[in-house]
Amino acid sequence: MKPQALLFLVTGLLLTGAAQATEAEHVRASHAWLRVLPGELPAGAYVTLENSGDQPVALKGASSDAYADVMLHQSSSEGGMSRMAMVDSVTVPAHGTATLAPAGYHLMLMKSTHPVKPGDTVRMNLKFADGSTLVTDFVARPANAVDAGS
Ligand SMILES: [Cu+2]
């Protein structure tokens, strides 16, 4: 590589680093959706996170203008009873995927600030342990939905 080309490369990397200081650089979100339940019931939100980086990243939680509180939960079943517990974080392995889905990890959206209907889009700010964030649009689906739909 010519010295000039190298200089270009270094400059490019520096600029990229500065522009994305707080945005999660190696994480991509897909299949982001939430399940709207009637009344004031909390809504479960689900997403697939893909990490293309060499280091694991940990999802710590999220925030949204549409809900006063967002918690990170894990569902499990014990003796036929379904229960859920708060979790600190969900790890997305290096070059791997973490899936938040019904009956597993989910974001629990509490106290909506306005009525959310199926078809609406809810913007959420996913937060990672390293301080980075990822803005992701979640599609609201009806109470009987089991996945992100089409
Ligand atoms: Cu929950």
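The values are calculated or read from the model by the stated rules, or taken from the named source; none is laboratory data. A quick note: this is a predicted structure, and the numbers were derived from the prediction, not measured. All Cβ positions, glycine included, derive from the backbone under ideal geometry; neighbour counts span all protein chains shown. Heads up: the accessible areas ignore ligands, DNA and RNA and are worked out on the full protein's heavy atoms, side chains in. Shrake-Rupley method; radii C 1.70, N 1.55, O 1.52, S 1.80 Å.
Points worth noting:
- For the pair ASP130 and HIS31, a Förster radius of 25 Å applied to the C-beta separation gives a FRET efficiency near 0.60, rounded to the nearest 0.05.
- Residue (of ALA58, ALA68, ALA140) at the positive-pole extreme of the chain, dipole from beta-carbon charges: ALA140
- When you restrict to C-alpha pairs under 8 Å that are six or more residues apart and normalise by the size of the stretch 23-141, the relative contact order lands at 34 percent.
- Charge sum, other residues only, whose C-beta stays under 13 Å from SER64's C-beta, Lys/Arg counted +1 and Asp/Glu -1: -1
- Probe 1.4 Å, accessible area per residue of the chain, Å²: 61
- Within the accessible area of the stretch 23-141 (1.4 Å probe), percent carbon and sulfur: 50
- Assuming charge only on the beta carbon of Lys and Arg (+1) and of Asp and Glu (-1), the dipole of the chain about its Cα centre is about 140 debye to the nearest 20.
- By the Stokes-Einstein formula, at 1.002 mPa s and 20 °C, the chain with its Kirkwood radius over alpha-carbon pairs has D equal to 128 µm²/s.
- Dividing the helix sum by the residues of the chain, where each DSSP H run of 4 or more adds -39500 (n - 2.57), gives a mean residue ellipticity at 222 nm of -4000 deg cm²/dmol.
- Rounded Å value of the spacing that divides the Cα centres of the stretch 124-150 and the stretch 29-97: 8
- The packing ranking of peptides 43-50, 27-34, 80-87, 130-137, highest mean first, is 43-50, 27-34, 130-137, 80-87, where packing means the average number of other beta carbon atoms within 10 angstrom of each residue.
- Gaussian network model of the chain, Cα within-10 Å springs - most flexible of LEU109, LEU59, LEU41: LEU41
- Label point 7 Å beyond Cα of ALA68 along Cβ direction - residues of the stretch 108-150 with amide nitrogen under 17 Å: 108-116
- Folded to 0 to 90 degrees: helix 3-19 orientation relative to the chain principal axis, Cα: 30
- Lysine pairs in the chain whose alpha-carbon atoms fall under 27 angstrom of each other, counting only those eight or more residues apart or on distinct chains, come to 5.
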